[in-house]
2 protein chains.
Amino acid sequence: MAGTREPGERDRWLDWAQGRLARTGLRAGAVRVALLELLARDGDCLISAQQIVARLAARGVGSQASVYRLLDQFVVLGLLRRVVGRDGLARYEKAHPGHSHYHLVDARTGAVEPFTDARLEAAIAGAAERHGFQLDRYDVVLHGVRVRGGAA
Amino acid sequence: MAGTREPGERDRWLDWAQGRLARTGLRAGAVRVALLELLARDGDCLISAQQIVARLAARGVGSQASVYRLLDQFVVLGLLRRVVGRDGLARYEKAHPGHSHYHLVDARTGAVEPFTDARLEAAIAGAAERHGFQLDRYDVVLHGVRVRGGAA
DNA sequence: GTTATTGCAAACAATTTGCATATAA
DNA sequence: TTATATGCAAATTGTTTGCAATAAC
């Protein structure tokens, strides 16, 4: 199952995010609390804003406006990463400081799966260098079909 | 200037596209003709649908509906590549069969520039292989600032 | 009490669709 | 002639914004 990692990581992100928010003068409203909890649990791979709105609504919390506003806020604070898919929808996932990753999209199921790859990272840095670019950030999305179990 | 290549490439794409369209039972309407010509000239790097609509409108040709419909059609036929930017807008560029490339986005100017890099290509193939993925297609977008003239 | 948070509804913008008309083959 | 191409206007859909009411600190 994508999103299952070492125990404690979920809470680590939550603690980090809460600490960061506490230090900004912002206030812990009901929607923000619920959103943080939801993201801590399900924010390991891209979730769309609409999905989030729906899940919160199912619990009787939040509205379009507040969810979009909070997501924006979290992105600005560096708590979330925002990615726009081929369908033009914004999706979000927890940001882990200094820990960038790529996405594998399964052409059959549409499932998105994060992965990291040191060699690829090095190759990208090299390519940027060769083309006279000082790299700031990058997006890499691979589309294909799974033929073997993913490398852990 | 991005988009300047060997002489004749523009017409080569146009010929190829026209040939492909001719063999499909579709008809060469006025908007299609104008759109093909525009793309042959300016389609080397990502243009948004709105830009295209505007440019055609300035020449008194086309409408939202026909432009969007034609662009879709061209993508399906493999004449164009469709890319969705971080702003969620669809952008298009000429597809060259078997000739994939990446994009450099200048963080200062927002300019998008295509490039190719054999080593990067190999690295991507390797990463897909390592993660048990049979690669179908990929998107690579590098964000940063230009520090030297681009490698020709 | 002051100021940020929330919800509602309206506003927006890109894209899509229905349908009547024009036109290429 | 007959199916495709086109334009117009309306509909969709994701996202944003204005504003009054609410609640955190």
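Within the range A:78-96, can one find any residue that is of a type in the set (Asp, Glu), more than 12 Å from chain B (Cβ to nearest Cβ) and near DNA strand D (Cβ under 8 Å from one of its atoms)?
Of the residues in the range A:78-96, the ones of a type in the set (Asp, Glu) are A:87, A:93.
Filter again for more than 12 Å from chain B (Cβ to nearest Cβ), leaving A:93.
In the following step, the residues that additionally are near DNA strand D (Cβ under 8 Å from one of its atoms) were identified as none.
No, the range A:78-96 contains no residue that is of a type in the set (Asp, Glu), more than 12 Å from chain B (Cβ to nearest Cβ) and near DNA strand D (Cβ under 8 Å from one of its atoms).
Looking for something at the interface with another protein chain (Cβ under 8 Å from one of its Cβ atoms) and within 13 Å of DNA strand C (Cβ to nearest atom) - is there at least one such residue anywhere in the range B:56-77? First the steps, then the outcome.
Our first condition is that a residue be at the interface with another protein chain (Cβ under 8 Å from one of its Cβ atoms); within the range B:56-77, this holds for none.
Looking through the range B:56-77, none of the residues is at the interface with another protein chain (Cβ under 8 Å from one of its Cβ atoms) and within 13 Å of DNA strand C (Cβ to nearest atom).
Of the conditions (1) of a type outside the set (Ser, Thr, Tyr); (2) assigned by TED's automatic domain parsing to the domain that holds A:ASP44; (3) farther than 29 Å from B:ARG119 by Cβ; (4) surrounded by fewer than 17 Cβ atoms within 10 Å (Cβ to Cβ), A:LEU79 fails just one. Which one is it?
Tallying (1) of a type outside the set (Ser, Thr, Tyr); (2) assigned by TED's automatic domain parsing to the domain that holds A:ASP44; (3) farther than 29 Å from B:ARG119 by Cβ; (4) surrounded by fewer than 17 Cβ atoms within 10 Å (Cβ to Cβ), A:LEU79 fails exactly one: (4).
Could you list, in sequence order, the residues of the range A:125-152 that are under 24 Å from B:VAL84 (Cα atoms) and more than 7 Å from chain B (Cβ to nearest Cβ)?
Correct list: A:ALA125 only.
Residues in the range A:88-105: is at least one over 29 Å from A:ASP11 (Cα atoms) and of a type in the set (D, E, K, R)?
Pass one, the range A:88-105, residues over 29 Å from A:ASP11 (Cα atoms): A:88.
From the residues that got through so far, the ones that are of a type in the set (D, E, K, R) too are none.
Taking every residue of the range A:88-105 in turn, none turns out to be over 29 Å from A:ASP11 (Cα atoms) and of a type in the set (D, E, K, R).
Just checking, does the range B:139-152 include any residue being over 17 Å from A:LEU142 (Cα atoms) and touching a His at 6+ places or on another chain (Cβ under 7 Å)?
In the first step, residues of the range B:139-152 are kept if they are over 17 Å from A:LEU142 (Cα atoms); the result is B:143-152.
Now drop any that are not touching a His at 6+ places or on another chain (Cβ under 7 Å), which leaves B:150-151.
Yes, the conditions are met somewhere in the range B:139-152.
What's the total number of residues in the range B:100-120 that are of a type outside the set (Phe, Trp, Tyr) and touching a helix residue (DSSP H, G or I) at 6+ places or on another chain (Cβ under 9 Å)?
Of the residues in the range B:100-120, the ones of a type outside the set (Phe, Trp, Tyr) are B:100-101, B:103-114, B:116-120.
Subset that is touching a helix residue (DSSP H, G or I) at 6+ places or on another chain (Cβ under 9 Å): B:100, B:104, B:117, B:119-120.
So the answer is 5.
Take the range A:16-75 and flag every residue that is more than 24 Å from A:VAL112 (Cα to Cα), buried (at least 16 other Cβ atoms within 10 Å of the Cβ) and of a type in the set (Lys, Arg).
A:ARG32
Right, B:THR116: open to solvent by 60 Å² or more (accessible area, probe 1.4 Å), within 17 Å of A:VAL141 (Cα to Cα) and free of Cβ contacts under 8 Å to residues at least 60 places away in the same chain or not? Outline the logic, then answer.
On the way: open to solvent by 60 Å² or more (accessible area, probe 1.4 Å): yes; within 17 Å of A:VAL141 (Cα to Cα): yes; free of Cβ contacts under 8 Å to residues at least 60 places away in the same chain: yes.
So B:THR116 fits the description; yes.
Any residue in the range A:123-143 that is outside the structural domain of A:VAL84 (by TED's automatic domain parsing) and within 22 Å of B:HIS131 (Cα to Cα) sitting within a Cβ distance under 7 Å of a residue that is part of a helix (DSSP H, G or I) and among the charged types (D, E, K, R)? List the pairs, counting only those 6 or more apart or interchain.
If the second residue must be part of a helix (DSSP H, G or I) and among the charged types (D, E, K, R), the pairs left are A:ALA123/B:ARG119; A:GLY126/B:ARG119; A:ALA127/B:ARG119.
The values are calculated or read from the model by the stated rules, or taken from the named source; none is laboratory data. Since this is a predicted model, take the numbers as computed values, not measurements. Here the Cβ is made from the backbone with ideal geometry for all residues, glycine too, and neighbour counts use every protein chain on show. The protein model used for the area step is the full one, side chains on, heavy atoms only, and it has no ligands, DNA or RNA in it. Shrake-Rupley method; radii C 1.70, N 1.55, O 1.52, S 1.80 Å.
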